[in-house]
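Chemist: Encoded as structure tokens, here's the structure I'll be asking about.
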Amino acid sequence: MNSNEFREWSLRAAEWGADYRSTLRERPVRPLVEPGEIARSIDVSPPEHAETMQAIFADFERKILPGMTHWQHPRFFAYFPANAAPVSVVAEYLVSVMAAQCMLWQTSPAATELETRVVDWMRQALGLPEGFAGVMQDSASSATLAAVLTMRERALDWQGNKKGLQGQPILRVYSSDQVHTSIDRAIWVSGVGEDNLVRIPVAGRFRAMDVAVLEAAVVADRQAGMLPAGIIACVGGTSTGGTDDIAGVAAVAKRHGLYLHVDAAWAGSAMICPEYRHFWAGVEQADSIVFNPHKWLGAQFDCSMQFIRRPEDLVRTLAIKPDYLETHGRDGIINYSEWSVPLGRRFRALKLWFLLRAHGLENLRTMIRNHVAWSEGLAERLAREPDFEIVSEPMLSLFSFRHLAAGIDSDEHNLRLVNAINDDGRIYLTQTRVDGQVAIRFQVGQFETTAADVDTAFGVITEIARRPARNWSAKLRRGLPLDACSFVNRLVPFHHFRFPL
């Protein structure tokens, strides 16, 4: 591709992106495709000879786009959002064009220094004290792994990396069962071992760890000759928004000299609103905190932020300094590759810098406040319906519910219902289990969602729930067989009107 072709196709791609985003409401949120359907449309062997961009782009529209779930759809109410505000997309295009590897200060000074500044902007926005430094990671999974490795090293007097875990005391880490599965993976990868992640019982509306039981477990493990290393608390857990008493947990950690990591990957974004900070009261006592601007704030994935009270502990755990990575003649600089598990680093700060400047904190606060209010309103509406029950009350913009149907298995019924809702295509939800029973999750978080989209969700949920179960068929969408809808849509270019499945 020469420079003229690069210009042409860059413009084409940008125009495609603008058209795509403007037509999302016309599309089903999730595609109805069978496993293997996309793979069967793609050649099994790589091409021996170059193909034209026209052919490649046409195949993208014809073969790939119909199989995509549209995460930027304003009626995406599943999981947590992975927002990409348009201004963030523009910044990410610039990052892709420059294609810098920002592992060291010298490999891109502006990337390092902007990251330092933007991380501190977010520290101020969240109301965290000046003692915290920070780093941008790819995801909360990486940030949590870095925290677990640091708590491991600190507990072992910095000997784990050198000597390994063999012959060392058995390490113990504590959390509730409301934390994300990334905590389990961090425990595996760190060598602590799944059997040594101690699950503390939860209680109350927000399913918080029982602080008294937590402390008793720490004392019992130490008396048994094991070595308590750290605690992982959560604010806004994935299933129902489980939120620990951070101040109470921090007091236990301080009394017993344990490292405290707070996972606020989703809910942390809401802390730009002062009225929600009571959910993590005491967080200033944590050793590290993670939240994801790529979830609720609108920064395109990947963009996770880890705040650290003692960055020297993190660097001591992760830094390797071979000669070829030395920055000679410069003292006191930050090399963020020493703050993360991967050596290579993308220029993540640029999209957040663009985003914060283009929207401002007050507009972002308004968005989050609206999402919380709309979710609470939907929960109230469903609670007034005689055949629905609210299973978990709203935590910020997340709650769960269940449809009641007499004489049939409730779990099977609600699983079939959430599948029927998603096959309908107008909205997208997910399921979870609460106290062992299936519930349907609902959260508002997509950057361009409106009150009307939430009203649509109420209509879709109640309409489908009250249809005869025999009509919960993936083959019916607004009266037209699915095969006919798909056929029409695949004939129509992406930027023209598409049949609303």
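The values are calculated or read from the model by the stated rules, or taken from the named source; none is laboratory data. What you are looking at is a predicted structure, and each value in this text was computed from that prediction instead of being measured. Glycine gets a Cβ as well: all are built from the backbone with ideal geometry, and neighbour counts include every protein chain shown. Ligands, DNA and RNA are stripped out before the accessible areas are found, and what is left, the full protein with its side chains, is counted by its heavy atoms. Shrake-Rupley method; radii C 1.70, N 1.55, O 1.52, S 1.80 Å.
Chemist: Within the set of pairs 6+ apart or on separate chains, which have a first residue in region 270-299 that is over 16 Å from residue 395 (Cα atoms) and at pLDDT 95 or above, a second that is crowded, with 24+ Cβ neighbours inside 10 Å and hydroxyl-bearing (Ser, Thr, Tyr), and C-beta atoms under 6 Å apart?
Modeler: Short answer, once both residue conditions are applied: 287/259.
Chemist: Tally up the residues in region 241-264 that are open to solvent by 10 Å² or more (accessible area, probe 1.4 Å), within 30 Å of residue 82 (Cα to Cα) and part of a loop (DSSP other than H, G, I, E, B), please.
Modeler: So the answer is 1.
Chemist: Oh, and also: Checking the conditions here, which among 268, 225, 298 is part of a loop (DSSP other than H, G, I, E, B) and under 21 Å from the mean Cα position of the chain (by Cα)?
Modeler: On the way: 268 fails: part of a loop (DSSP other than H, G, I, E, B); 225 fails: under 21 Å from the mean Cα position of the chain (by Cα).
Exactly one residue qualifies, and that residue is 298.
Chemist: Still on this structure, I have one more. Does at least one position in region 28-36 carry a residue that is within 26 Å of residue 428 (Cβ to Cβ), in contact with a Pro (Cβ under 8 Å, 6 or more places away or on another chain), assigned to a loop (DSSP other than H, G, I, E, B) and of a type in the set (Val, Ile, Thr)?
Modeler: yes
Chemist: Would you check if residue 369 is assigned to a helix (DSSP H, G or I) and open to solvent by 20 Å² or more (accessible area, probe 1.4 Å)?
Modeler: Values: assigned to a helix (DSSP H, G or I): yes; open to solvent by 20 Å² or more (accessible area, probe 1.4 Å): yes.
Yes, satisfied.
Chemist: Then there is this: Identify, please: which residue in region 96-122 is more than 19 Å from residue 354 (Cβ to Cβ) and in contact (Cβ under 8 Å) with a residue 60 or more places away in the chain and is, among those, least open to solvent (accessible area, probe 1.4 Å)?
Modeler: Only one residue tops the list, namely 104.
Chemist: Also, I was wondering about something else. Counting just the residues of region 35-82 that are among the hydrophobic types (A, V, I, L, M, F, W, C) and open to solvent by 100 Å² or more (accessible area, probe 1.4 Å), which one comes out modelled with the lowest pLDDT? Talk me through it step by step, then tell me what you get.
Modeler: Filtering region 35-82 for residues among the hydrophobic types (A, V, I, L, M, F, W, C) gives 38-39, 42, 44, 50, 53, 55-58, 60, 64-65, 68, 71, 76-78, 80, 82.
From what is left, the residues that are open to solvent by 100 Å² or more (accessible area, probe 1.4 Å) are 44, 50.
Details: 44: 87, 50: 91.
Applying the filter and picking the extreme gives 44.
Chemist: Going residue by residue through region 159-172, is there one that turns out to be assigned to a strand (DSSP E or B) and open to solvent by 30 Å² or more (accessible area, probe 1.4 Å)? Let's see the steps before the verdict.
Modeler: Initial filter on region 159-172 (assigned to a strand (DSSP E or B)): 171-172.
If we keep only those that are open to solvent by 30 Å² or more (accessible area, probe 1.4 Å) too, we end up with 172.
Yes.
Chemist: Given the structure, is residue 408 among the aliphatic types (A, V, I, L, M) and in contact with a Leu (Cβ under 8 Å, 6 or more places away or on another chain)? Walk me through it before giving the result.
Modeler: Values: among the aliphatic types (A, V, I, L, M): yes; in contact with a Leu (Cβ under 8 Å, 6 or more places away or on another chain): no.
So residue 408 does not fit the description; no.
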